Amino acid sequence: MSETLELTKALLKKVSLTPEDAGCMDLMADYLQQRGFNIEWLNFGETKNLWARRGNSAPLFAFAGHTDVVPTGPVEEWDSPPFEPTLKDGLLYARGAADMKGSLAAMLTACDSFIAEHSTHQGSIAFLITSDEEGPAHDGTIRVMQTLDARNEKIDYCIVGEPTSHKVFGDMVRVGRRGSINGYLSLIGKQGHVAYPELVENPIHAFTPILQLLTQETWDNGNEFFPPTSFQISNINAGTGVENVVPGTLKVVFNLRFSSELTPEEIKRRITYMVDQNSDNYELIWKVSGLPFITERGELSDAVEQALLDETGSKPILSTAGGTSDGRFIAPSGAQVIELGPINESIHKINECVSVSDLDQLSRAYHKILANLLT
Ligand SMILES: [Zn+2]
């Protein structure tokens, strides 16, 4: 049995339901300490975070990840108990196998083999591990990044172990993500009887030209990494429930997933202008839930592409699809951040699993990335 598989199983046996760590980080810290890493615990509130670093010189390469897992769902629907790692047909089944204890194990063994081969490597290697990723993510990576920033400790390159592979191992990595902004628009008219149009102001009618403008707008054309910004209305609500009454108010909720070509300010300015042209009595509230980030082509993407080409025979797609990850807290520091992990098809589902041979490939790919950057 490979050491990566052995370590993955040891981590999977620990019931680290978010935000619990259940001893996963102790296992990782022991392993790293034996290989020359300095161990530091950065705990905030109930959240446990590990910062382990080997070496003091630049550049600083960091592996980032989380030990917490999402709930199992109905245990009786699993083919094997979710916290008893079970091998079947080359797949390892357990909650967290793909998201992301397999990646954590591969990071450990990649470091072990890399350090054994290159004991005098350049730069430093670090691990930024949290147990608050699947939950609210208030006291995890974001707080560690604040701590590092306050003492001027700067990550140059970061690999996040999120499962990014699509059909086969290494076919896709994530280099950023889109921004997300919600708008809550209330158009205010004047309620009254449908039979007396001169006495009412119908906010539904007033919204019609605004709807046209919003849905026909080309927000941008995207760029090399991002698809064009998209606009979607998720709810429209007006009406009193009676057919002979013109409602007094219309409420609309909408969302834009936006590329790095746009800022929230630019989006607000353009939409406010559209509404201003058609209404002088409205309220518009905004909520930005995330800014877009992107790691441009550079040393890290070169190192990742080359490592995957060597390991799998093809270069990965550089993607910005998918949901959020802790990469959003690391990228603003100026670090180059790329997410690379196993196939994500089963994550958060019943019977989550990971391919054992993919875990070994992942370890070798991580090793090659280290070698490409630090030797
Ligand atoms: Zn994850």
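The values are calculated or read from the model by the stated rules, or taken from the named source; none is laboratory data. All figures in this text were calculated on a predicted structure; none of them were measured in a lab. Here Cβ is always computed from backbone atoms with ideal geometry, including for glycine, and neighbour counts include all displayed protein chains.
Only a single criterion out of (1) in contact with a Ser or Thr (Cβ under 9 Å, 6 or more places away or on another chain); (2) surrounded by 21 or more Cβ atoms within 10 Å (Cβ to Cβ); (3) within 30 Å of Pro227 (Cα to Cα) is not satisfied by Ser124, namely (3).
Restricting attention to the range 224-246 and to residues that are within 23 Å of the chain's Cα centre (by Cα) and surrounded by fewer than 13 Cβ atoms within 10 Å (Cβ to Cβ), the residue that is farthest from Arg174 (Cα to Cα) turns out to be Ser234. Against the numbered list (1) among the hydroxyl-bearing types (Ser, Thr, Tyr); (2) in contact (Cβ under 8 Å) with a residue 24 or more places away in the chain; (3) in a strand (DSSP E or B), Ser234 comes up short only at (2). Does the range 138-156 contain any residue that is buried (at least 21 other Cβ atoms within 10 Å of the Cβ) and within 30 Å of Ser234 (Cα to Cα)? No. Consider Arg297 against the criteria (1) of a type in the set (Lys, Arg); (2) crowded, with 19+ Cβ neighbours inside 10 Å; (3) over 18 Å from the mean Cα position of the chain (by Cα): it satisfies all of them except one. Which criterion is unmet? It is condition (2) that Arg297 fails. Within the range 352-372, if we keep just the residues that are touching a Phe, Trp or Tyr at 6+ places or on another chain (Cβ under 6 Å) and not in a strand (DSSP E or B), the residue that is nearest to Ser124 (Cα to Cα) turns out to be Leu370. Scan the range 91-114 and give yes if some residue there is modelled with pLDDT under 95 and out of contact with any Pro (no Cβ under 9 Å at 6 or more places or on another chain), otherwise no. No, there is no match, as no residue in the range 91-114 is modelled with pLDDT under 95 and out of contact with any Pro (no Cβ under 9 Å at 6 or more places or on another chain). Every residue in the range 65-89 that is within 16 Å of the ligand (Cβ to nearest atom) and touching a helix residue (DSSP H, G or I) at 6+ places or on another chain (Cβ under 6 Å), please. Once the filter is applied, which keeps residues that are within 16 Å of the ligand (Cβ to nearest atom) and touching a helix residue (DSSP H, G or I) at 6+ places or on another chain (Cβ under 6 Å), the range 65-89 yields Gly65, Thr67.
Determine whether Ser113 is touching a residue at least 60 places away in the same chain (Cβ under 8 Å) and in contact with a Lys or Arg (Cβ under 6 Å, 6 or more places away or on another chain). When the stated conditions are applied, Ser113 does not pass them.
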